[in-house]
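Engineer: I'd like to ask you about the structure that follows.
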Amino acid sequence: MEKFGIGQSVRRKEDIRFLTGDGRFTDDLNLEGQAYAWFVRSPVAHARINDIDLAAAQSMPGVTAVFTGRDIAADPAIHPLPCLSKVVDRHGREMYRPPRPVLCGDRVRFVGDLVAMVVAETEQVAKGAAEALGIDYEDLACVVDAGAAVASDAAVVWPDCPGNVCVHWENSDPAEIAGIFETAPRVAEVSLVNNRLRPRRDSNLEALSFPTTARA
């Protein structure tokens, strides 16, 4: 690849071996004593998890284990997923980096947030046990539009991040940029859509849009 750009076509390297049968997918692996995991994800954007009834799932034949956020929090060897970015805002402060537990504890913050994991002898049993979990969600206020998320009365996703702004980053002098717009013969305003992807078998693309101003 000699250049990089949005929308650039990149030649894939793995297709030949997979299309000719020389490659192996993870689903092709079958080991002795192999188990299968099925993850349970939140169907709501923002809610408190009041309780998870595990009894029905745990009693199903073939179920090896059921894990929730409480199990993860109780294990000192399992740490939250790290955020490797350290962007500094216009005032020299590091960006807000919320904790990312492997499984949610008492609250979910987006549709698809991980709530539980079921391990079983077969994929079908794991899925059935996951569907048998009794999860009591208490809906909380939410916002699904990026522009509305920064409004003064918007629901706050993380209590210690008021305004829902992770980082306000600039790479130019704001006064200089404002002057350019003021003297520009034409200014066009466009609304850009930034797709939010959820890599799930039953997922749909969900879009967040926010207004931005650009010089024509």
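Engineer: Can you name the residue in the range 165-179 that is surrounded by 12 or more Cβ atoms within 10 Å (Cβ to Cβ) and among the aliphatic types (A, V, I, L, M) and is also farthest from Ala45 (Cα to Cα) among such residues?
Structural biologist: Of everything passing the filter in the range 165-179, Ile177 is farthest from Ala45 (Cα to Cα).
Engineer: Considering only residues that are touching a residue at least 40 places away in the same chain (Cβ under 8 Å) and charged (D, E, K, R), which ones fall in the range 59-92?
Structural biologist: Scanning the range 59-92 gives Asp89, Arg90.
Engineer: Then there is this: Out of the range 116-164, which residues are in a loop (DSSP other than H, G, I, E, B), surrounded by 18 or more Cβ atoms within 10 Å (Cβ to Cβ) and not β-branched (Val, Ile, Thr)?
Structural biologist: Leu133
Engineer: Kindly indicate whether His91 is open to solvent by 50 Å² or more (accessible area, probe 1.4 Å), touching a His at 6+ places or on another chain (Cβ under 9 Å) and in a loop (DSSP other than H, G, I, E, B).
Structural biologist: Yes; evaluated as a whole, the condition is true for this residue.
Engineer: Output the number of the condition that Glu32 fails; it satisfies all remaining conditions of (1) modelled with pLDDT of 95 or more; (2) out of contact with any Phe, Trp or Tyr (no Cβ under 7 Å at 6 or more places or on another chain).
Structural biologist: The one condition Glu32 does not meet is (1).
Engineer: Within the range 75-95, which residues are within 16 Å of the chain's Cα centre (by Cα) and within 29 Å of Asp173 (Cα to Cα)?
Structural biologist: Listed by number, the residues that qualify are Cys83, Leu84, Ser85.
Engineer: Quick one: which residue in Gly23, Gly33 is surrounded by 10 or more Cβ atoms within 10 Å (Cβ to Cβ), among the small types (Gly, Ala, Ser), without any contact (Cβ under 8 Å) to a residue 24 or more places away in the chain and out of contact with any Pro (no Cβ under 7 Å at 6 or more places or on another chain)?
Structural biologist: Gly23
The values are calculated or read from the model by the stated rules, or taken from the named source; none is laboratory data. None of the values given here were measured: they were computed from a predicted structure. Backbone-built Cβ (ideal geometry, glycine too); neighbour counts: all protein chains shown. Note: areas computed on protein heavy atoms with side chains; ligands, DNA, RNA excluded. Shrake-Rupley method; radii C 1.70, N 1.55, O 1.52, S 1.80 Å.
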